[in-house]
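Colleague: Before I ask anything, here is the structure I am working with.
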Amino acid sequence: MRIQKYIADAGICSRRKAEDMILDGLVKVNEETLTELGYQMQENDVVEVSGQVISAPEKKVYYLMYKPRGYVTTVKDQFDRPCVMDLIGEDVKERIYPAGRLDYHTEGLLILSNDGAFVNAITHPKHHIEKKYLAVVNGIIKEEAVEKLKRGVVIDGKKTAPAKVFLSEIFKDKCLVEIAICEGRNRQVRKMFEAVGHRVLELKRVQIGPIEIGSLKEGRIRKLNPNEVQALLSLAGK
């Protein structure tokens, strides 16, 4: 990156103005005054403009993770349990953090970013971004219970918003249910099924808005492409 772009990205001034400041001897790199344009920034360079050390804002990045079971969705855990941040490789230089949560025993899609406005946009309940789960529950759920889940059930003293629910597969003493919700309350899906008499045995989030789990492997991450980021923002009305 050229020094004038670095200065502009730091919000000091425009690139053209930064070039004028360089030619006027107002810019130092590693305590050496620059007087010519074209300097390419190197890692760990210290830049001063008019005597003040500056830093460019961190590049905004957006990642999708397949969170395994047995990990907490926090940066650090007080009980020393494995955290999702333990799965982030060294190639991710930015300080990213989870957008929303999946509980310890739930696996599936999790978005991580360092863009606070983006995280707020896709996690705030008022934006109604749908999240789809596959739930294996004990017993065979009846149509009456499915209809209750669709209309909303009371958990923690408050009724849930309407959900999309579909009985996908029946086994001997359990069944697979697809459920999509737009809220993100604590352990919501598990509590919803408990409210209609079924315990969740396995839970996996497979879709957030238009973003599907696809071929992403458990414990791995990938970058969201610009179209995916924009699609999520569009759903949030941003």
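Colleague: Take the stretch 94-115 and flag every residue that is among the polar types (S, T, N, Q) and in a loop (DSSP other than H, G, I, E, B).
Modeller: Passing the criteria: Thr106, Asn114.
Colleague: For the structure I just gave you, tell me whether Asp24 is in the same structural domain as Val229 (by TED's automatic domain parsing), surrounded by fewer than 17 Cβ atoms within 10 Å (Cβ to Cβ) and of a type in the set (Asp, Glu).
Modeller: Taking the combined requirement at face value, the residue does not satisfy it.
Colleague: Restricting the search to the stretch 41-83, which residues are within 30 Å of Gln4 (Cβ to Cβ), part of a loop (DSSP other than H, G, I, E, B) and charged (D, E, K, R)?
Modeller: Glu43, Asp45, Glu58, Lys59, Lys60
Colleague: Quick one: which strands (runs of 3 or more DSSP E) lie wholly within the stretch 141-238 and hold at least 2 residues that are in contact (Cβ under 8 Å) with a residue 60 or more places away in the chain and more than 17 Å from Tyr66 (Cα to Cα)?
Modeller: 200-208
Colleague: In the stretch 122-180, what residues are at pLDDT below 95, farther than 19 Å from Gly108 by Cα and crowded, with 17+ Cβ neighbours inside 10 Å?
Modeller: Matches in the stretch 122-180: His127 only.
Colleague: Going by what's in this entry, would Val75 be described as touching a Phe, Trp or Tyr at 6+ places or on another chain (Cβ under 7 Å) and either surrounded by fewer than 17 Cβ atoms within 10 Å (Cβ to Cβ) or among the basic types (Lys, Arg) (or both)?
Modeller: Yes.
The values are calculated or read from the model by the stated rules, or taken from the named source; none is laboratory data. Being a predicted model, the structure only gives us computed values, none of them experimental. Cβ: placed from backbone, ideal geometry, glycine included. Neighbour counts: every protein chain shown.
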